[in-house]
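**Q** A single structure is presented below for examination.
What follows is calculated from the coordinates using simple rules that are stated; it is not laboratory data. Note that the structure is a prediction, hence the values are computed from the model and not measured. FYI the Cβ positions are ideal-geometry reconstructions off the backbone, even for glycines, and counts take in every protein chain you see.
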Amino acid sequence: MEVPKDRFWLIVQSDEVRDLQEVVVCYFTSAADANGRRRRPLTTDALIPKGTDLGKRKLSADSFVRCGKLYSARISGISEYEGTLPNSYMILVDKQLKSCLGLDTLARLAASSKKKKD
């Protein structure tokens, strides 16, 4: 997959499994359409506000991280790192990823099953 030059991509894969040739990513998209109107977020989007410090630069506009659109990207295809999202926003991204992948549901089912056994 080629990463378009005009998009930020967020690596959402754990550092513990970065020994692979590819990483799991999702993309940022503007929270406004071409006419400047606010887009309706998808249920799995995480809103990241304008001005959020990524390290090398700040977001120039309110943006959504599309947590429901996961891609696999070759590490060799990533030409430049802009930095990292602050922890407060990564927590939101994690929550959306868990929801999208059904991991929160599995955790609830496991907890419920354990209570029944006790």
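**Q** By counting other Cβ atoms within 10 Å of each Cβ, how are Tyr81, Tyr71 ranked from fewest to most? Please report the intermediate quantities before stating the final value.
**A** Numbers: Tyr81 10, Tyr71 15.
Starting with the residue having the fewest Cβ neighbours, the order is Tyr81, Tyr71.
**Q** How much length is gained if the chain between Ile91 and Leu109 is pulled fully straight, taking 0.36 nm per residue apart and subtracting their Cα-Cα distance, in nm to one decimal?
**A** Full extension from Ile91 to Leu109 adds 4.3 nm.
**Q** Right, another one. Can you work out ³J(HN,Hα) from phi for every residue in the stretch 39-53, in order, using Karplus 6.51 cos²θ - 1.76 cosθ + 1.60 and θ = phi - 60°, giving whole Hz and x for Gly and Pro?
**A** Once θ is set to phi - 60°, the couplings for the stretch 39-53 become 6, 7, x, 6, 5, 9, 7, 10, 7, 10, x, 3, x, 4, 7 Hz.
**Q** Then there's this: Starting from the Cα of Lys98, move 7 Å in the Cα-to-Cβ direction to define the label point; list residues of the stretch 7-45 whose amide nitrogen is under 18 Å from there.
**A** In the stretch 7-45, the label zone of Lys98 (backbone N under 18 Å from the point 7 Å along Cα→Cβ) covers 12-15, 43-45.
**Q** Any idea what angle helix 103-117 forms with the longest principal axis of the chain, computed on alpha-carbon atoms, 0 to 90 degrees, nearest 10?
**A** The angle comes out at about 10 degrees.
**Q** Work out how much length Ser60 to Leu42 would gain on full extension: take 0.36 nm times their residue separation and subtract the Cα-Cα distance, in nm to one decimal.
**A** 4.4 nm
**Q** Let me check I've understood the local charge: for Leu42, count other residues with C-beta under 11 angstrom from its C-beta, Lys and Arg +1, Asp and Glu -1. What total comes out?
**A** +3
**Q** If you don't mind, another one. For the chain, what is the mean residue ellipticity at 222 nm derived from helices alone (per DSSP H run of n ≥ 4: -39500 (n - 2.57); sum divided by total residues; nearest 500 deg cm²/dmol)? Walk me through the intermediate numbers first.
**A** On the way: 2 runs with 30 residues, N = 118.
Calculated at 222 nm, the ellipticity per residue is -8500 deg cm²/dmol.
**Q** What angle, in degrees between 0 and 90 and rounded to the nearest 10, separates the Cα long axis of helix 87-101 from the longest principal axis of the Cα atoms of the chain?
**A** Helix 87-101 sits roughly 60 degrees off the main axis of the chain.
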